[in-house]
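Here is the structure we will look at, set down as structure tokens.
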Amino acid sequence: MTVDRPLRVLFACIAHTTHFQSMVPLAWALRAAGHEVRVASQGALADTITGAGLTAVPVGEDHGLERVLAAKAEGSAPTIDFGALRSGEPDFDWLLGFYTMLVPTFFAAVNNESMVDDLVTLAREWEPDLVVWEPLTWAGGVAALASGAAHARLLWGPDVLGRTREHFVRALDRLPPEHRDDPLGEWLGWTLRRHGLDFDESVTRGDWAIEQDPPSVRIAVGQHTVPMRYVPYNGPAVVPGWVRTPPARPRVCVSLGVSARNGMGTSTVSLGDLLDGLSDLDAEVVATLNAGQRAGLTSVPGNVRLVEFVPLHALLPSCSAIVHHGGAGTWGTAMRYAVPQVVVPEIWDAPLKAAMLADTGAGLVQRAGELTPGSLRAKVSRVLGEPSFAEAARRLRDEQQAQPAPAAVVGELERLTSKYRRERG
């Protein structure tokens, strides 16, 4: 330990399981190093937090993310074209529209006032040295400023929000003051003023970022970043016996992720078309579907095994390919085990991640609106049959594994937190 006493580290996360799960390995690394760790979220996440063996602190009322998303676009999660973040500077109208649309309906809704207020109270009472928050939990940044703590964003995907903010701030600076509308800054500024604080740009992105993606699929921003190896965590699980038996044929996993399973960001992909497209492959297809999804199937091909849930970190080492929705945990776990991917992206940054992955050669993109059994069959056949995909997937795995493990990152977080304390007095 490179600090004179154990640190108090507060993790902050909106009540969304997969976002929290990306935080668990680092939280446990800090705990195992002797630091005090607490995880604050709305009460709906409390059982998930304690199920991971961590200490939960419920704050505020549940945001009801499912209800928030159900009120938007017939139940679909935000569909954003982040492609411009790679090719150049987005148009200012796009940037302003992004914040105008999402701040009141999504960002402020999941960081509701009661959650922010309770989190600020908790931080002022407990006095953490470091607040770690996932990219959609700006309440963590507010609490850090209110308590004088250092704070860092723990990224679970390419830093689309950090890059968007950089472009937006630069664009604002070029405008006359009377035209500088800033929905994110106005919301956070108003929130900070309720707690006797002035707006500081650091509340939008933290003092530094912890980056879990390997460089080839990363969006660089002008901020200090701490690279960290992605370690899969899927929650408490039991590994079934059949997973431990090597498959007689190539095994293909099909997963549409938590969002499609629980109705948050309902997928438009036809499960019947997905499975029909894989029905005549010489492969064992493992599809992770819940009861509601299975009930919608009129038939199940003979080469398909339907399962409720299998931890991906246990299943993917035996797989030769995966078809999935582009969720951060799924694509990170597939990279970890060098599994070629066919991504069917629909929401948030999934189309961008799919395109970046395809550029590495480790997978292919199947656009949801263009999916047919034949198109999917052709793409899966390619990633199974062409050695270049497996070779590229191994290169991406090696790049990912070259980053320091969470336990090795602890010392850097201690150093940065101590430096912050010295500079702030």
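Yes or no: ARG244 touching an Asp or Glu at 6+ places or on another chain (Cβ under 6 Å) and at pLDDT below 95? Even if it seems obvious, please write down each step before you answer.
Working: touching an Asp or Glu at 6+ places or on another chain (Cβ under 6 Å): no; at pLDDT below 95: yes.
Judged against the criteria, ARG244 is not a match.
Tell me which helices (runs of 4 or more DSSP H) are completely within region 1-61 and hold 1 or more residues being among the charged types (D, E, K, R), or say none if there are none.
24-32, 46-51
How many residues does region 146-168 contain that are more than 24 Å from the chain's Cα centre (by Cα) and in a helix (DSSP H, G or I)?
2
Just to be sure I understand the filter: pairs with C-beta atoms under 8 Å, separated by 6 or more residues or on different chains, first member in region 79-96 and of a type in the set (Gly, Ala, Ser), second member part of a helix (DSSP H, G or I) and open to solvent by 30 Å² or more (accessible area, probe 1.4 Å). Which pairs pass?
Listed by first residue and then by second, the contacts come to GLY83/PRO351; GLY83/ALA355; ALA84/TRP94.
Filter region 306-343 down to residues that are farther than 19 Å from SER381 by Cα, part of a loop (DSSP other than H, G, I, E, B) and modelled with pLDDT of 95 or more, then give me how many there are.
1
Among the residues of region 312-326, are any out of contact with any strand residue (DSSP E or B) (no Cβ under 9 Å at 6 or more places or on another chain), under 24 Å from ARG244 (Cβ atoms) and open to solvent by less than 10 Å² (accessible area, probe 1.4 Å)?
Within region 312-326 (the criterion being out of contact with any strand residue (DSSP E or B) (no Cβ under 9 Å at 6 or more places or on another chain), under 24 Å from ARG244 (Cβ atoms) and open to solvent by less than 10 Å² (accessible area, probe 1.4 Å)), the answer is no, since none of the residues qualifies.
Among the residues that make up region 109-117, is at least one of them closer than 22 Å to VAL37 by Cβ, of a type in the set (Val, Ile, Thr) and not in a helix (DSSP H, G or I)?
Within region 109-117, not a single residue is closer than 22 Å to VAL37 by Cβ, of a type in the set (Val, Ile, Thr) and not in a helix (DSSP H, G or I).
Among the residues of region 367-380, which ones are open to solvent by less than 50 Å² (accessible area, probe 1.4 Å) and among the polar types (S, T, N, Q)?
Scanning region 367-380 gives a single hit, SER375.
Could you list, in sequence order, all residues of region 139-160 that are open to solvent by 10 Å² or more (accessible area, probe 1.4 Å) and out of contact with any Asp or Glu (no Cβ under 9 Å at 6 or more places or on another chain)?
Scanning region 139-160 gives a single hit, ALA146.
Among PRO340, PRO317, which is touching a residue at least 40 places away in the same chain (Cβ under 8 Å), more than 30 Å from PHE107 (Cα to Cα) and not aliphatic (A, V, I, L, M)? Write out each step before concluding.
Values: PRO317 fails: touching a residue at least 40 places away in the same chain (Cβ under 8 Å).
After applying the criteria, what remains is PRO340.
Picking from VAL231, VAL203, which residue would you name as being at pLDDT 95 or above and within 16 Å of the chain's Cα centre (by Cα)? Even if it seems obvious, please write down each step before you answer.
Working: VAL203 fails: within 16 Å of the chain's Cα centre (by Cα).
Matching residue, one of VAL231, VAL203: VAL231.
Please go through (1) farther than 29 Å from ARG229 by Cβ; (2) open to solvent by 10 Å² or more (accessible area, probe 1.4 Å); (3) out of contact with any His (no Cβ under 9 Å at 6 or more places or on another chain); (4) at pLDDT below 85 for ASN262 and return the number of the only condition it doesn't satisfy.
Among (1) farther than 29 Å from ARG229 by Cβ; (2) open to solvent by 10 Å² or more (accessible area, probe 1.4 Å); (3) out of contact with any His (no Cβ under 9 Å at 6 or more places or on another chain); (4) at pLDDT below 85, ASN262 violates only (1).
Which of the residues spanning region 344-382 are without any contact (Cβ under 8 Å) to a residue 60 or more places away in the chain, out of contact with any Gly (no Cβ under 6 Å at 6 or more places or on another chain) and assigned to a loop (DSSP other than H, G, I, E, B)?
Matches in region 344-382: GLY361, ALA362, GLN366, ARG367.
Condition first: farther than 15 Å from VAL132 by Cβ and surrounded by 16 or more Cβ atoms within 10 Å (Cβ to Cβ). Now tell me which residues in region 34-44 satisfy that.
GLN42, ALA44
Restricting to region 190-200, count the residues that are over 17 Å from HIS151 (Cβ atoms), open to solvent by less than 90 Å² (accessible area, probe 1.4 Å) and either of a type in the set (Lys, Arg) or not in a loop (DSSP other than H, G, I, E, B) (or both).
Qualifying residue count for the region: 1.
Filter region 169-198 down to the residues that are in contact with a Phe, Trp or Tyr (Cβ under 9 Å, 6 or more places away or on another chain), at pLDDT 95 or above and among the small types (Gly, Ala, Ser) and list them by number.
If the condition is that a residue be in contact with a Phe, Trp or Tyr (Cβ under 9 Å, 6 or more places away or on another chain), at pLDDT 95 or above and among the small types (Gly, Ala, Ser), then GLY185, GLY189 are the ones that fit.
For region 205-228, give me each residue that is of a type outside the set (A, V, I, L, M), out of contact with any strand residue (DSSP E or B) (no Cβ under 8 Å at 6 or more places or on another chain) and surrounded by 20 or more Cβ atoms within 10 Å (Cβ to Cβ).
Once the filter is applied, which keeps residues that are of a type outside the set (A, V, I, L, M), out of contact with any strand residue (DSSP E or B) (no Cβ under 8 Å at 6 or more places or on another chain) and surrounded by 20 or more Cβ atoms within 10 Å (Cβ to Cβ), region 205-228 yields ASP213, PRO214.
Just for region 8-33: of the residues that are aromatic (Phe, Trp, Tyr) and open to solvent by less than 30 Å² (accessible area, probe 1.4 Å), which one is farthest from the chain's Cα centre (by Cα)? Break it down into steps so the answer makes sense when it comes.
Our first condition is that a residue be aromatic (Phe, Trp, Tyr); within region 8-33, this holds for 11, 20, 28.
With open to solvent by less than 30 Å² (accessible area, probe 1.4 Å) added as a condition, the list becomes 11, 20.
Details: PHE11: 15, PHE20: 9 Å.
Checked region 8-33; the qualifying residue farthest from the chain's Cα centre (by Cα) is PHE11.
The values are calculated or read from the model by the stated rules, or taken from the named source; none is laboratory data. Since this is a predicted model, take the numbers as computed values, not measurements. Heads up, the Cβs are rebuilt from the backbone with ideal geometry, glycines too, and the neighbour counts pull from every protein chain shown. Note: areas computed on protein heavy atoms with side chains; ligands, DNA, RNA excluded. Shrake-Rupley method; radii C 1.70, N 1.55, O 1.52, S 1.80 Å.
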